[in-house]
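The values are calculated or read from the model by the stated rules, or taken from the named source; none is laboratory data. Nothing here was measured: the structure is a model prediction, and the numbers come from that model. Cβ coordinates were reconstructed from backbone atoms using ideal geometry, including for glycine residues, and neighbour counts include every protein chain displayed. In case anyone asks, the SASA skips ligands and DNA or RNA and just uses the protein heavy atoms, side chains included. Shrake-Rupley method; radii C 1.70, N 1.55, O 1.52, S 1.80 Å.
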Amino acid sequence: MEKFVVSARKYRPKGFDEVVGQSHITTTLKNAIDNNQLAQALLFCGPRGVGKTTCARILARMINEFDESHDGNALNIFELDAASNNSVDDIRNLIDQVRYPPQYGKYKVYIIDEVHMLSTQAFNAFLKTLEEPPSYAIFILAT
């Protein structure tokens, strides 16, 4: 008997080639990776359902050269839902994680979803790390 998987997860694109309607974004991101022109932080913004988090996950796997079919959580890819983790303590925990270099791959990638939901105090606590991260950290802010 096959395990039930929600359709949003079952049909989520695994690579940039499968993303529909965002070719201008996926091409730009692929070129940035190919030319080693990655920024320390990326801001993905747009209305609900356009693929911000999906593209962030794909980008995180591609940056570290993880296999496209790899569906599990990698040691170097961290996701934080800022809608429910929006306090200063949550950001301090994130900052503590940033201090350690990656265990596998070149970068530690932090995907902060719904970043607009962070409290003002939490964003101020995060600002210094966001502006001057270690060379191995990349932040993807989705809002």
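Table for the structure above
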{"quantity": "Sole residue being modelled with pLDDT under 90, open to solvent by less than 80 Å² (accessible area, probe 1.4 Å) and of a type in the set (A, V, I, L, M), chosen from Ala56, Ala39, Ala74, Ala32", "calculated": "Ala74"}
{"quantity": "Residue that is nearest to Ile33 (Cα to Cα), among those in the range 113-143 that are part of a helix (DSSP H, G or I), of a type outside the set (Lys, Arg) and open to solvent by 40 Å² or more (accessible area, probe 1.4 Å)", "calculated": "Glu131"}
{"quantity": "Breaking point among (1) open to solvent by 80 Å² or more (accessible area, probe 1.4 Å); (2) in contact (Cβ under 8 Å) with a residue 12 or more places away in the chain, for Tyr110", "calculated": "(1)"}
{"quantity": "Positions within the range 1-24 being free of Cβ contacts under 8 Å to residues at least 40 places away in the same chain, under 20 Å from Glu65 (Cβ atoms) and open to solvent by less than 70 Å² (accessible area, probe 1.4 Å), in sequence order", "calculated": "Val19"}
{"quantity": "So Val50, is it surrounded by 11 or more Cβ atoms within 10 Å (Cβ to Cβ) and not in a helix (DSSP H, G or I)", "calculated": "yes"}
